[in-house]
Amino acid sequence: MTVRPLVILPDSQLRLTSKPLAGADKDVRKLVDDMFQTMYDAPGIGLAAIQIGVPLRVVTMDVSKRDDKQEPMALLNPEIVWKSEEMREMEEGCLSIPEYYETVERPDRVRLRYRDIDFKEREIEADGVLATCIQHEVDHLNGVLFIDYLSKLKRDRVMKRYAKLARMKDDEA
Ligand code: GNR
Ligand code: NI
């Protein structure tokens, strides 16, 4: 198990469409292990494989509260098959856009079809934080970021700030 470096905005890998898995072999298990390690280390409540530079449709998640038992979930080839008409607003953040938070409106509930770590097909219905997180992670698999739901003005401002931070880092190196 290894903590892997996170891909940060404005890295163009974040805009890739991730590829579906054909099965869950040893390499996929290793990827999922590294993703959990990286996600808990950050810490974050979800992680898409592209955030560690792997363009595969793999998501890890754990939305359990701090003092409760951990609830690790690994989702392979996740697909949202239903979204509620009702919407909810939540403040979102992203490990690939560190220390930036904004409110995003999304469907309040979703139904998700996915494969588990044994590649068995499963379906769950989610609401609350889990529903928000699922949508945020599935977006990553399609190259979509939560800042895409903000006004162009806000998004441009964020892009500029992170481009500048990346330049400052390059200058250090
Ligand atoms: O850790 C995370 N917290 C979070 C909070 C609100 C909505 C979505 C998220 S996901 C984020 C981790 C991340 O970037 N996943 O892709
Ligand atoms: Ni994210």
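Mind checking the alpha-carbon convex hull of the range 14-63 and giving the volume per residue in Å³?
Per-residue hull volume (Cα only) is 72 Å³.
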*asked:* Students often get this wrong, so check it: of Lys30/Lys160; Lys26/Lys69; Lys120/Lys154; Lys30/Lys65; Lys26/Lys169, which have C-alpha atoms separated by over 31 Å?
replied: Lys30/Lys160; Lys120/Lys154; Lys26/Lys169
*Using 0.36 nm per residue, how much length does the chain from Asp27 to Ala163 gain when fully extended, once their Cα-Cα distance is taken away?*
45.7 nm
*Give the shape of the chain as rounded, prolate or oblate, defined through the alpha-carbon gyration tensor: a ≥ b ≥ c are the square roots of its eigenvalues, a/c under 1.5 means rounded, and otherwise the shape is prolate if a/b is larger than b/c and oblate if not.*
oblate
*asked:* What FRET efficiency comes out for Asp67 versus Glu105 if R0 is 30 angstrom and r is the Cβ-Cβ distance? Round to the nearest 0.05.
replied: 0.55
*Helix-derived [θ] at 222 nm for the chain: sum -39500 (n - 2.57) over DSSP H runs of at least 4, divide by residue count, nearest 500?*
-10000 deg cm²/dmol
*Pop a pseudo-label 7 angstrom from the Cα along the beta-carbon direction at both Trp82 and Arg155 and give the gap in nm to one decimal.*
3.0
*So which helices of the chain fit the span-like rule, where a helix is a whole DSSP H run, its Cα atoms reach 20 Å or more along the axis, and its mean Kyte-Doolittle is at least 0.0?*
128-141
*If you average the sequence gap of Cα pairs under 8 Å that are 6 or more apart and divide by the length of the range 50-173, what percent do you get for the contact order?*
21
*So how do 165-171, 104-110, 55-61 stack up, highest first, on mean other-Cβ count within 10 Å?*
55-61, 104-110, 165-171
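Only the coordinates and a few stated rules stand behind these numbers; no lab work does. On a predicted model such as this, the values are computed, not experimentally measured, just so you know. A quick note on method: Cβ atoms are made from the backbone with ideal geometry, for glycine too, and the neighbour counts reach across all protein chains shown.
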